[in-house]
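Here the structure is laid out as structure tokens; the discussion comes afterwards.
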Amino acid sequence: MKAIEIFEKHYPERTEKIREKFPAFLETAREVEVVPWQKEFQVADKNPEAIDEIEFWNTLLDSGMITREEWERETNRIMREVGYSSKTVGIAFIKEKQVSFRHEVPPFNVLVHEVGHVHFQEVDTFWSATYGGGEILFHLALHDRYKITEENIRRFHSLYHLAVENPKAFADLVVEKIAPYFGDQIVPAFYPICLFSGWLPFGVSSAEVDTFDLRNPKWLEMEPDRTDTAGFIQNLTAGLQYNDTFWIVYSQKLGIIE
Ligand SMILES: [Zn+2]
């Protein structure tokens, strides 16, 4: 059976909505095979998503992009999360274009989540709503909350990768796109942009600059912390979800919403 059959048979109205917003997604659903659920899918070390994700962090560690501490923190987090095996209701095998569901008719969000893995070719770190990933944008679009296209979601994923893999390049991009919006109210640097939204990022705790003094040139010398560049991305999707004015503007400037 192909995933499209579950969409059309059990969620006809919402499937029409997807057709309107993300037609290519349904083309993928036509190719994705639904395979029978197996007990092993609930076991952490048989969870290919978790393994993909751990491999991703291994690559970052091997290429010296993250410290051993960061690697331990992230892999421990993954193992902790997949440890809740009883909550596993679906799984995706991205390369094989297969999905599997614990229940014959999975909840709509689970169906979208697993097919979305295959369609966007992203692991949970970047796709899952739990981590502020692209899945949130997908649902916001279906609810007509913002004008969000397939291209916007792909751009968001590439920004998320950049934020995790190259914090400095990500921060530079944020400054280039967003700092002009504030004119001379701030110096063109990453942290003042964060602070202006009312968010207090982790990295400013070590700064010797008053967090109200957003025109202080000292901000220009500060290297962004990876926690904060990833946090910035998560604030974008959370901000859109909760109608935060600043994060809506930031999302527009970064090309995540139209
Ligand atoms: Zn997932």
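Scanning the range 114-157 for residues that are farther than 18 Å from LYS21 by Cα and of a type in the set (Val, Ile, Thr) returns VAL123, THR125, THR130. Of the residues making up the range 188-214, those that are crowded, with 20+ Cβ neighbours inside 10 Å and not in a helix (DSSP H, G or I) are ALA189, PRO201. Contact map, the range 111-127: residues that are in the same structural domain as SER100 (by TED's automatic domain parsing) paired with residues that are near the ligand (Cβ under 8 Å from one of its atoms) and of a type in the set (S, T, N, Q), Cβ distance under 8 Å, separation 6+ or inter-chain. Pairs shown: HIS113/SER128. Give the residues of the range 200-226 that are closer than 24 Å to ILE66 by Cβ and touching a residue at least 12 places away in the same chain (Cβ under 8 Å), sorted by residue number. Answer for the range 200-226, where residues must be closer than 24 Å to ILE66 by Cβ and touching a residue at least 12 places away in the same chain (Cβ under 8 Å): PRO201, PHE202, GLY203, VAL204, ALA207, MET222, GLU223, PRO224, ASP225, ARG226. Among the residues of the range 57-76, just one is surrounded by 18 or more Cβ atoms within 10 Å (Cβ to Cβ) and of a type in the set (Phe, Trp, Tyr), namely TRP57. Restricting attention to the range 203-257, the residues that are acidic (Asp, Glu) and within 20 Å of TRP127 (Cα to Cα) total 1. If I filter the range 154-168 for residues that are over 30 Å from GLN98 (Cβ atoms) and surrounded by 20 or more Cβ atoms within 10 Å (Cβ to Cβ), do I get at least one hit? Within the range 154-168 (the criterion being over 30 Å from GLN98 (Cβ atoms) and surrounded by 20 or more Cβ atoms within 10 Å (Cβ to Cβ)), the answer is yes, since at least one residue qualifies. Among residues of the range 247-258 that are among the basic types (Lys, Arg), those with a Cβ under 9 angstrom from a residue that is part of a helix (DSSP H, G or I) and crowded, with 16+ Cβ neighbours inside 10 Å, sequence gap 6+ or separate chain, pair up as LYS253/VAL174; LYS253/ILE178.
The set of residues in the range 215-258 being among the polar types (S, T, N, Q), more than 17 Å from SER128 (Cβ to Cβ) and part of a helix (DSSP H, G or I) consists of THR227, THR229, THR245, SER251, GLN252. Sort out which residues of the range 111-166 are acidic (Asp, Glu) and closer than 20 Å to ALA3 by Cβ, and write them in order of number. If the condition is that a residue be acidic (Asp, Glu) and closer than 20 Å to ALA3 by Cβ, then GLU114, GLU122, ASP124, GLU135, GLU150 are the ones that fit. TYR242 - would you say it is farther than 25 Å from ARG154 by Cβ and of a type in the set (Phe, Trp, Tyr)? Taking the combined requirement at face value, the residue does not satisfy it. Restricting to the range 79-105, name every residue that is at pLDDT 75 or above and either under 30 Å from LYS168 (Cα atoms) or of a type in the set (Phe, Trp, Tyr) (or both). The answer is PHE93, ILE94, PHE101.
The values are calculated or read from the model by the stated rules, or taken from the named source; none is laboratory data. All figures in this text were calculated on a predicted structure; none of them were measured in a lab. Here the Cβ is made from the backbone with ideal geometry for all residues, glycine too, and neighbour counts use every protein chain on show.
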